[in-house]
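Asks: Please find one structure pasted underneath; my questions will follow.
The values are calculated or read from the model by the stated rules, or taken from the named source; none is laboratory data. Just so you know, these numbers come straight off a predicted model, no measurement behind them. Glycine also receives a Cβ, built like all others from the backbone with ideal geometry; neighbour counts cover every protein chain displayed.
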Amino acid sequence: MITYSFLQHYWFFLVSLLGGILAFLLFVQGGQTLLFSLAKKEDERRLLVNVLGKKWEFTFTTLVTFGGAFFASFPLFYSTSFGGAYWVWVLILLCFILQAVSYEFQNKPGHFFSTNTYRIFLFINGLLATFLIGAAIATFFTGSEFSVNKQNITEIGGQLSPVISQWENPLHGLEALFNVRNWLLGFAVFFLARTLAVLFFKNRLDNAAIESRLHNALLMNALPFLVFFLAFVIWTLFAQGFAVEPVTKEVFMEPMKYLNNLIQVPVLLLLFLVGVVLVLFGIIKSFLKDKWRKGIWFAGIGTIITVTTLLLVAGYNNTAYYPSTYDLQSSLTIFNSSSSFFTLKVMSIVSLLIPFVVVYIFFAWRSLEKTTTSIEEFKEKDSYGY
Amino acid sequence: MELLDVSLVDWSRAQFAMTAMYHWLFVPLTLGLGVLQAIMETIYVKTGKEEWKKAAKFWMTVFGINFAIGVATGIILEFQFGTNWSNYSWFVGDIFGAPLAIEGVLAFFMEATFISIMYFGWNKVSKGWHLAATWLTIAGATISALWILVANAWMQLPLGMEFNPATVRNEMIDFWSVLGSPVAINKFFHAVTSGWVLAALFVVGVSSWYLLKKREIEFAKRSIKVAAIFGLISTLLLVYTGDGSSYQVAQQQPMKLAAMEGLYKGQNGAPLIAIGFLNPAKQKYNDGVEPVVAAIKIPKMLSFLGYRDFNAFVPGIADLIDGGYTTTKDTAVAIPFAEKKSRGIAAINALKQYKVAEKAKDSTAMATQKAALDKNFPYFGYGYLNQPEEAIPNVPMVFYSFHLMVLLGFFFIALFIVLLIVSNKQKLEKNKWLLWISLWSIPLGYLAGQLGWIVAEVGRQPWAIQDVLPVQAAISSLQTSSVQITFFLFLVLFTALLIAEVGIMLKQIKKGPAHN
């Protein structure tokens, strides 16, 4: 028997999984921040742009689908966070506009801006988008200042705002930058994206000069990633969390709530550990064995599992996944912010098609990437290059 | 609670409209060019003739430039529902969000996956596999259009839902009603075929330029032939679906129809204005001033288009505000604005009392208030309006947009027919006037698309959701200055990227397929 609660959990899992896949695919953004440091010559830079350019649309599409899925399954989050933390989301969007055109336009004649300008756009996207997405996700654990009062919509005098979700800080999201823990996850995501990008390049490139620099780049990015990530995780696990009393639905602060979630839901703990081990294995083996190219698969799958689990820890086991520090009882849970049973059921049926989508993406990628990519490839007749 | 800032509503609308208009500069060309390039590649695969491959690849390059910026503006539109229309996102997110999520899963990934093969797969996959990827790319784009137009159609005709006072939102109860809405089906075909027409005009215009410059002669002739046939068929389909749109508007959004025709006083056997001018002296719906100063009218045609009956009564703006009429669709006497407003207020107050009763756990009172709410819910949105004038969209904007769009549609039919005749007689190069007209028809195609969306969206005002939620109750609670800043940020960015896009396209066209 499919219950409403099951569907709410199922959809929070799917949204978290999309979040995990997005975190993995942010290697494209990470790679964009390496364009100037990893490549020394124009040909090398074009090579990096071209290998990343075959993937940027997947990151973009995943972000759009992540937004669409969140809208459809947890509309109160969509209305509260996007309409409230306005500046953070607008900045993220601006970064992605820059990215969308930069691959296609940068080497086309008549492109108005210089090639370098488009690469700077890519760098800005890589830097800001990863950091801001990380900081925004950190607020799932640290909280934001908003209130939700559904009765506001009955204000019809034309004097008072009828808006249900009100952001209670005039900085509209930028105040998240005053919280060190948000910075930690922001930097962790930024360096994770760069680390994954190095592993991706190691897998895809056929260029001795760039490959010789990957070893050092891996160390320089993986180390800060691990420092920031561990600092965030340890701090979060031992900090107070936003718990929900199962019967009264009252939100209250519980010491070590997120650690308790891992302990009380062992499958989450197991997944989290598996994810972290896979990421570490992918990084360490790639570092130790220069010829080994498969690190991206281990670290990538590990990233998906770890991030998915982290998001589940924020929302499962009677936890408010989008907490309000202004008014605890306005905090969003998977129960009070979700779509109706009917809508979740309809979308769950549609979600059965996801495996088919995954299969054709797999076959399409495989057909394009049987071999590694060299500079010569995109100079060939009939080839399409950025 | 914050005070309501009226200018915030205007700026939020301006930002969304600006983003949507930029988005619609790129999407229709993508939708149409995608089909045309797939047809050309199909001919290449069937005949093995390299020139068709060259032609397909050239249009694919133009497609790619256009596609990238369409993607960039599209993501902003999706997220603006949340950033600027927060109340809307909660109030109808249960219905509206689903098509967006399904669009992501079913359409965007298809597009993103197969476009990679379309561009990078020429030397890596078989001919057949490549052709399939080209068709699947445009299939993804078209399926994407389907879902977003389903969502938009639902804003014009909210079906398959009921209001739940416990959650204070509308909830979906019938998915097939949402997907199969007659407005959705019509809107999908109308919008997609408008993209096909634009692409046909684009290909014809660019090819005409080559002929005027006496270069790429064979390529240009081939392209004109395919595009003119495609364009003529598409424009005829566009007229057919346009007729369907008029019928749906008459049935579901009579105020929009009245604004489209500048019809203030309804009548039986209402004529359709073919060409006309509004009277600028007309200030109020009930000031007695004649609304149209000069017009060529087709007798009884509006009645026929709207109700499939030459003598049907078509209500005007004043009738819709004052009520007291009947139509062939609804034999009940229409109620005036004042009553709609009072029933809207009754619905909102019932909701307020329902929440009070819910808090007090008074189930009897909850049931009473729910009954009052259900009874008056069809007019819920009117409770937010103060004056009758607020229920009337901007008539001149809708009127002129509609008539210009229709005129352009018929001009396109004539153009494609003439092009086909001249092309068949092998006299294209000799008729330079026709080539110049074709070239200058490209911006007209863009204009027609924009005008169509102005009719659809401005004509729906003041509603975000027809009769259920006006725009002032749909917004986010933000400082107006924030939205002003982001408006100009987006405007500058989109304009800069548009300039870059046009620059690249012109260069690609100047280079031509031979050097592509």
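Asks: Does B:ALA318 fit the bill of being part of a helix (DSSP H, G or I), at pLDDT 95 or above and farther than 30 Å from B:THR167 by Cα? Can you show your working first?
Replies: On the way: part of a helix (DSSP H, G or I): yes; at pLDDT 95 or above: yes; farther than 30 Å from B:THR167 by Cα: yes.
Against the criterion (part of a helix (DSSP H, G or I), at pLDDT 95 or above and farther than 30 Å from B:THR167 by Cα), B:ALA318 qualifies.
Asks: So which pairs qualify, if the first residue must be in region A:142-154 and more than 8 Å from chain B (Cβ to nearest Cβ), the second must be of a type in the set (Lys, Arg) and not in a loop (DSSP other than H, G, I, E, B), the Cβ gap must be under 6 Å, and the two must be at least 6 apart or on different chains?
Replies: Sorted first by the residue in region A:142-154, then by its partner, the pairs are A:THR142/A:ARG181.
Asks: As an exercise: evaluate A:GLN329 against (1) at pLDDT 95 or above; (2) within 11 Å of another protein chain (Cβ to nearest Cβ); (3) loosely packed, with under 15 Cβ neighbours inside 10 Å and give the number of the one condition it does not meet.
Replies: A:GLN329 satisfies every listed condition except (2).
Asks: If you don't mind, there's one more thing I want to ask. On the basis of being farther than 29 Å from A:LEU93 by Cα and assigned to a helix (DSSP H, G or I), does B:LEU434 make the cut? Before the answer, list the steps.
Replies: Working: farther than 29 Å from A:LEU93 by Cα: yes; assigned to a helix (DSSP H, G or I): yes.
The answer is yes for B:LEU434.
Asks: May I pose another question? Any idea which of (1) within 28 Å of A:LEU196 (Cα to Cα); (2) in contact with a helix residue (DSSP H, G or I) (Cβ under 6 Å, 6 or more places away or on another chain); (3) at pLDDT 95 or above is the one A:SER338 doesn't satisfy?
Replies: (1)
Asks: Of all residues in region B:364-377, which are surrounded by 15 or more Cβ atoms within 10 Å (Cβ to Cβ) and either touching a Cys at 6+ places or on another chain (Cβ under 6 Å) or not basic (Lys, Arg) (or both)?
Replies: Here is the first cut: in region B:364-377, the residues surrounded by 15 or more Cβ atoms within 10 Å (Cβ to Cβ) are B:365-366, B:368-370, B:372-373, B:376-377.
Scanning region B:364-377 gives B:ALA365, B:MET366, B:THR368, B:GLN369, B:ALA372, B:LEU373, B:ASN376, B:PHE377.
One line per residue, one yes/no per condition, for (1) within 24 Å of the chain's Cα centre (by Cα); (2) closer than 30 Å to B:ALA334 by Cβ:
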{"residue": "B:ARG215", "(1), (2)": "no, no"}
{"residue": "B:VAL239", "(1), (2)": "yes, no"}
{"residue": "B:GLN251", "(1), (2)": "yes, yes"}
{"residue": "B:MET255", "(1), (2)": "yes, yes"}
{"residue": "B:GLU261", "(1), (2)": "yes, yes"}
{"residue": "B:LYS265", "(1), (2)": "no, yes"}
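Asks: A:ALA314 fails exactly one of the following numbered conditions: (1) farther than 18 Å from A:GLU245 by Cβ; (2) in a helix (DSSP H, G or I); (3) touching a Phe, Trp or Tyr at 6+ places or on another chain (Cβ under 7 Å). What is the number of that condition?
Replies: So the condition that A:ALA314 fails would be (1).
Asks: Considering every residue within region B:104-112, establish whether at least one is surrounded by 24 or more Cβ atoms within 10 Å (Cβ to Cβ), touching a residue at least 40 places away in the same chain (Cβ under 8 Å) and at the interface with another protein chain (Cβ under 7 Å from one of its Cβ atoms).
Replies: Checked region B:104-112: no residue is surrounded by 24 or more Cβ atoms within 10 Å (Cβ to Cβ), touching a residue at least 40 places away in the same chain (Cβ under 8 Å) and at the interface with another protein chain (Cβ under 7 Å from one of its Cβ atoms).
Asks: Criterion first (more than 30 Å from A:PHE105 (Cα to Cα) and out of contact with any His (no Cβ under 7 Å at 6 or more places or on another chain)) does A:SER338 satisfy it? Spell out how you get there, then give the answer.
Replies: Values: more than 30 Å from A:PHE105 (Cα to Cα): yes; out of contact with any His (no Cβ under 7 Å at 6 or more places or on another chain): yes.
Answer is yes for this residue.
Asks: Related question: Can you find a residue in region B:386-407 that is aliphatic (A, V, I, L, M), within 14 Å of chain A (Cβ to nearest Cβ) and surrounded by 19 or more Cβ atoms within 10 Å (Cβ to Cβ)? Before the answer, list the steps.
Replies: Within region B:386-407, the subset aliphatic (A, V, I, L, M) is B:391-392, B:395, B:397-398, B:404-407.
After this cut, where a residue has to be within 14 Å of chain A (Cβ to nearest Cβ) as well, the list is none.
No, region B:386-407 contains no residue that is aliphatic (A, V, I, L, M), within 14 Å of chain A (Cβ to nearest Cβ) and surrounded by 19 or more Cβ atoms within 10 Å (Cβ to Cβ).
Asks: While we're on this one: Can you name the condition, by its number, that A:GLU168 falls short on among (1) facing chain B (nearest Cβ under 7 Å); (2) charged (D, E, K, R); (3) over 30 Å from A:LEU52 (Cα atoms)?
Replies: Of everything listed in (1) facing chain B (nearest Cβ under 7 Å); (2) charged (D, E, K, R); (3) over 30 Å from A:LEU52 (Cα atoms), A:GLU168 misses just condition (1).
Asks: Just for region A:142-164: of the residues that are modelled with pLDDT of 95 or more and among the small types (Gly, Ala, Ser), which one is farthest from the chain's Cα centre (by Cα)?
Replies: A:SER147
Asks: Now, a different point. Are any of the residues in region B:494-503 of a type in the set (Asp, Glu), closer than 27 Å to B:ALA72 by Cβ and either in contact with a His (Cβ under 8 Å, 6 or more places away or on another chain) or at pLDDT 95 or above (or both)? Steps first, please.
Replies: In the first step, residues of region B:494-503 are kept if they are of a type in the set (Asp, Glu); the result is B:501.
Okay, now just the ones that are also closer than 27 Å to B:ALA72 by Cβ, so B:501.
From the residues that got through so far, the ones that are either in contact with a His (Cβ under 8 Å, 6 or more places away or on another chain) or at pLDDT 95 or above (or both) too are none.
No, region B:494-503 contains no residue that is of a type in the set (Asp, Glu), closer than 27 Å to B:ALA72 by Cβ and either in contact with a His (Cβ under 8 Å, 6 or more places away or on another chain) or at pLDDT 95 or above (or both).
Asks: Give the residues of region A:40-55 that are within 13 Å of chain B (Cβ to nearest Cβ) and not in a helix (DSSP H, G or I), sorted by residue number.
Replies: Correct list: A:LYS54, A:LYS55.
Asks: Can you tell which of B:VAL458, B:VAL471, B:VAL422, B:VAL483 is within 14 Å of another protein chain (Cβ to nearest Cβ) and surrounded by fewer than 23 Cβ atoms within 10 Å (Cβ to Cβ)?
Replies: The conditions single out B:VAL471.
Asks: Please enumerate the residues belonging to region B:127-161 that are surrounded by 23 or more Cβ atoms within 10 Å (Cβ to Cβ) and among the β-branched types (Val, Ile, Thr).
Replies: Correct list: B:THR134, B:THR137, B:ILE138, B:VAL150.
Asks: If you take the residues in region A:339-371 that are part of a helix (DSSP H, G or I) and of a type in the set (Gly, Ala, Ser), which one is farthest from the other protein chains (Cβ to nearest Cβ)? Full working, then the answer.
Replies: Here is the first cut: in region A:339-371, the residues part of a helix (DSSP H, G or I) are A:341-351, A:354-368.
Those still in the list that are of a type in the set (Gly, Ala, Ser) too: A:348, A:351, A:364, A:367.
Numbers: A:SER348: 11, A:SER351: 7, A:ALA364: 5, A:SER367: 5 Å.
Looking at the filtered set, the residue picked out is A:SER348.
Asks: Could you please tell me which pairs satisfy a Cβ distance under 6 Å, a separation of 6+ or placement on different chains, a first residue in region B:148-161 that is modelled with pLDDT under 95, and a second residue that is of a type in the set (Phe, Trp, Tyr)?
Replies: Note: pairs meeting the criteria are B:LEU149/B:PHE188; B:ALA151/B:PHE96.
Asks: Counting only residues that are aliphatic (A, V, I, L, M) and either more than 20 Å from the chain's Cα centre (by Cα) or within 21 Å of A:LEU98 (Cβ to Cβ) (or both), give me the helices (runs of 4 or more DSSP H) lying completely in region B:23-113 with at least 3 of them.
Replies: Values: elements: B:50-83, B:86-91, B:93-102.
Ranges flagged: B:50-83.
Asks: Search region B:34-56 for residues being touching a Lys or Arg at 6+ places or on another chain (Cβ under 8 Å) and of a type in the set (Asp, Glu), and hand back the single one that is nearest to B:GLY128 (Cα to Cα).
Replies: Among them, the one singled out is B:GLU41.
Asks: Also, I was wondering about something else. Check A:PHE36, A:PHE105, A:PHE58, A:PHE27 and return the single one that is more than 18 Å from A:LEU132 (Cα to Cα) and either buried (at least 24 other Cβ atoms within 10 Å of the Cβ) or touching a Lys or Arg at 6+ places or on another chain (Cβ under 7 Å) (or both). Steps first, answer last, please.
Replies: Details: A:PHE36 fails: either buried (at least 24 other Cβ atoms within 10 Å of the Cβ) or touching a Lys or Arg at 6+ places or on another chain (Cβ under 7 Å) (or both); A:PHE58 fails: either buried (at least 24 other Cβ atoms within 10 Å of the Cβ) or touching a Lys or Arg at 6+ places or on another chain (Cβ under 7 Å) (or both); A:PHE27 fails: more than 18 Å from A:LEU132 (Cα to Cα).
Among A:PHE36, A:PHE105, A:PHE58, A:PHE27, only A:PHE105 is more than 18 Å from A:LEU132 (Cα to Cα) and either buried (at least 24 other Cβ atoms within 10 Å of the Cβ) or touching a Lys or Arg at 6+ places or on another chain (Cβ under 7 Å) (or both).
Asks: Then there's this: List pairs: first residue in region B:437-461 and within 20 Å of B:GLN15 (Cβ to Cβ), second residue β-branched (Val, Ile, Thr) and crowded, with 20+ Cβ neighbours inside 10 Å anywhere in the structure, Cβ distance under 8 angstrom, at least six positions apart or on different chains.
Replies: B:ILE454/B:VAL398; B:VAL458/B:VAL398; B:GLY459/B:VAL249; B:GLY459/B:VAL398; B:GLN461/B:VAL471
Asks: When you go through (1) small (Gly, Ala, Ser); (2) under 30 Å from A:LYS150 (Cα atoms); (3) in a loop (DSSP other than H, G, I, E, B) one by one for B:ALA346, which number turns out not to apply?
Replies: Every listed condition holds for B:ALA346 apart from (3).
Asks: Here are some conditions: (1) modelled with pLDDT of 95 or more; (2) more than 9 Å from every other protein chain (Cβ to nearest Cβ). A:SER73 meets all but one. Which one does it not meet?
Replies: Of (1) modelled with pLDDT of 95 or more; (2) more than 9 Å from every other protein chain (Cβ to nearest Cβ), only one is false for A:SER73: (2).
Asks: Residues of region B:85-102 being under 22 Å from B:PHE494 (Cβ atoms) and facing chain A (nearest Cβ under 7 Å), which ones? Before you say what the answer is, go through the steps one by one.
Replies: Residues of region B:85-102 that are under 22 Å from B:PHE494 (Cβ atoms), as a first pass: B:85, B:100.
The answer is B:LEU100, and nothing else.
Asks: Looking at B:LEU351 and the list (1) within 12 Å of chain A (Cβ to nearest Cβ); (2) surrounded by fewer than 20 Cβ atoms within 10 Å (Cβ to Cβ), which single condition is not satisfied?
Replies: Single failed check for B:LEU351: (2).
Asks: Within region A:290-302, identify whether any single residue is free of Cβ contacts under 8 Å to residues at least 12 places away in the same chain and assigned to a helix (DSSP H, G or I), and answer yes or no.
Replies: no
Asks: Taking the condition within 8 Å of chain A (Cβ to nearest Cβ), part of a helix (DSSP H, G or I) and not small (Gly, Ala, Ser), does B:LEU489 pass? Give the steps one after another, and end with the answer.
Replies: Details: within 8 Å of chain A (Cβ to nearest Cβ): yes; part of a helix (DSSP H, G or I): yes; not small (Gly, Ala, Ser): yes.
Here the answer is yes, as B:LEU489 does meet what is asked.
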